[in-house]
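The values are calculated or read from the model by the stated rules, or taken from the named source; none is laboratory data. The structure displayed is predicted, hence computed values, not measured ones. Glycine gets a Cβ as well: all are built from the backbone with ideal geometry, and neighbour counts include every protein chain shown. These accessible areas exclude ligands, DNA and RNA; they are computed on the full protein's heavy atoms, side chains included. Shrake-Rupley method; radii C 1.70, N 1.55, O 1.52, S 1.80 Å.
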Amino acid sequence: KASRTEVLQQLQTAKEEAAEKLDGVSAELEAEKASRHELTQQLAAAKEEAQQQLQAVEADMEAGQASLVQQLEASKEEAVAKLEAVTAEFTAEKASQNEAMQQLSAAKDEAVAKLQDVTSQLEAEKASRTEV
C-alpha cells in the first residue's frame, strides 16, 4: 500500500503534468488562431484581387473595345472561375480551421478538468494528512 507521502507525490506529479499539458494546448490554440488569421487575410486578398480583375474586365468590355470582346469574355470567365475557386478554398479552410479550433478547445477543456481533479485530490490528501 502506498504511503501518504507517495500518494501526495504522485498527485503533485499528476498536477504538474496536467498543468504542462494545459500550457501546451493553450500554446497550440494561440498558434492556430494566429495561423488562421494570417490565412484568412491571404485568402481575402486573393479574393479581392480576383474581384478587381473581374471588375477591370467588365469595365473594358463596357468601354466597347469590340475587337477584344472574345478575349475579354475569356478573361472574364477566367476571373469568375478564379473568384469561385478562391471562395470555395476560403470556405473549406474556414470549416477546417473551425474543426481544428474545436478540437484544440476540447483538449484544453480536458486538460483544465484533469488539472482541477488532480488539484482537488491533492488538496484532499493534504487535508487528510493534516487531520492525522
Note down all Cβ pairs under 8 Å where the first residue falls in the range 99-114 and is in contact (Cβ under 8 Å) with a residue 24 or more places away in the chain, the second is surrounded by 12 or more Cβ atoms within 10 Å (Cβ to Cβ) and polar (S, T, N, Q), and they're at least six residues apart or on different chains.
Lys108/Ser26
Any chance Gln70 is open to solvent by 50 Å² or more (accessible area, probe 1.4 Å) and at pLDDT 90 or above:
no
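Determine whether the range 23-40 contains at least one residue that is in a helix (DSSP H, G or I) and closer than 26 Å to Val7 by Cα.
Checked the range 23-40: at least one residue is in a helix (DSSP H, G or I) and closer than 26 Å to Val7 by Cα.
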Here are Leu8, Leu43: which of them is surrounded by 11 or more Cβ atoms within 10 Å (Cβ to Cβ), assigned to a helix (DSSP H, G or I) and either basic (Lys, Arg) or within 20 Å of the chain's Cα centre (by Cα) (or both)?
Leu43
Single match in Ala59, Ala19, Ala81 (criterion: in a helix (DSSP H, G or I) and within 29 Å of Ala127 (Cβ to Cβ))
Ala19
